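Working notes for the structure below.
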Ligand code: PAF
């Protein structure tokens with residue numbers, strides 16, 4: 001696996017793969033890779049002949065009081081995980097490479113509708129930063145397919161809409177959440193948790209499962225279900241950011257006739273913000 005740092009090297013390596021007739025898959029990441037990222041690479045190897053990953057901690061998608069500076073940078077460990085998973089090329093640009101005129105001068109991609117509410121409500125500007133960097137990376141790599149984790153369900157919806165609206169010639173795949181042995185969704189931010197918080201963290205997934213079971217049993221009094229969810233999460237030490245039931249296809253609030261649903265939540269354990277979701281049919 002080659003690691004390249006600039007656009008010229010990236011384009012040269014991709015041109016070589018293209019000239020050999022290879023189908024190209026792309027997995028953008030911010031590094032600090034875990035089994036969820038490895039699953040993305042493995043899915044990519046099943047659907048393409050040449051797998052490109054990127055590692056770039058994108059300052060444009062972090063708010064002023066967020067964890068940009070403390071976000072873990074673990075390049076050497078990441079490279080060996082990517083190599084083992086079957087990645088062929090790694091792109092590790094720096095901010096100068098991605099934003100040569102500076103972030104203030106960068107053209108911004110803003111995806112209306114799906115970017116608002118949920119994480120977009122709690123993290124203003126976040127999805128503009130995500131859409132902008134993913135658009136730039138897709139233009140740089142020009143892959144046939146790109147893969148994203150379903151843990152960031154709203155991000156996936158934003159990227160799908162951007163690709164459709166901008167007529168980008170790439171097929172987007174969502175890959176199911178990878179969970180730890182106790183149900184906690186894998187996330188680079190799990191590393192911020194103390195031992196005590198880590199022990200409490202699976203409650204987020206358990207409380208979501210409890211709400212899902214009630215909905216499947218016919219309950220439709222969502223306000224009461226979410227109040228109970230908040231109470232149970234607080235008992236486990238969390239502070240709720242949001243919990244919502246949405247239509248999994250449109251990401252609009254669930255309607256009576258919605259059959260594919262997604263239950264999404266974000267909550268804080270101390271200063272660490274965790275997100276999770278459950279996709280289910282009615
Ligand atoms: O999900 C992530 O890791 C990031 O939001 C992404 C898609 C790599 C864009 O920076």
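Just so you know, all these numbers are worked out from the coordinates, no wet-lab data involved. Everything numeric here is computed off the predicted structure, so don't read it as measured data. In this analysis, Cβ positions are derived from the backbone assuming ideal geometry, glycine residues included, and neighbour counts consider all displayed protein chains.
Results, tabulated for the structure shown:
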item	result
The chain: angle of helix 153-165 to the longest principal axis, Cα-based, in degrees nearest 10	50
Alpha-carbon centroid distance for the pair the range 142-209 / the range 267-282, whole angstrom	10
Cα→Cβ-extended label distance, 7 Å offset, between residue 5 and residue 271, nm	3.0
Structure-based [θ]222 nm, the chain - -39500 (n - 2.57) summed over DSSP H runs of at least 4, per residue, nearest 500	-11500 deg cm²/dmol
Cα-based helix-to-principal-axis angle, 126-141 vs the chain, degrees rounded to 10	30
The range 141-222: radius of gyration over Cα atoms, expressed as a fraction of 2.2 N^0.38 Å	1.44
Three-way shape call for the range 154-282 based on the alpha-carbon gyration tensor, with the a/c threshold at 1.5	oblate
Spherically averaged projected area of the range 64-199 from its Cα convex hull (nm²)	10.0
Relative contact order (%) - the range 143-282, alpha-carbon pairs under 8 angstrom, separation at least six	21
Antiparallel DSSP beta bridges within the chain, percent to nearest 5	50
Fewest-first sequence of 224, 103 by Cβ atoms within 10 Å of each Cβ	224, 103
Cα gyration tensor shape for the range 2-43, rounded if a/c is under 1.5, else prolate or oblate	oblate
Space enclosed by the convex hull of the alpha-carbon atoms of the chain, per residue, Å³	133
52, 114 arranged by Cβ crowding within 10 Å, fewest neighbours leading	114, 52
Convex hull (Cα only) mean projected area of the range 4-128, reported in nm² to one decimal	9.0
Whole-Å distance, taken between Cα centres, linking the range 105-136 and the range 1-57	23
Relative contact order (%) - criterion: Cα under 8 Å, at least six apart; region: the range 1-128	32
Relative contact order (percent, whole number), the chain, Cα cutoff 8 Å, 6+ residue spacing	17
With Cα atoms, 0 to 90° folded angle of helix 203-216 axis to the chain main axis	70
Two-decimal Rg/Rh across the range 101-140, once Rg and the Kirkwood Rh are taken from alpha-carbon atoms	1.00
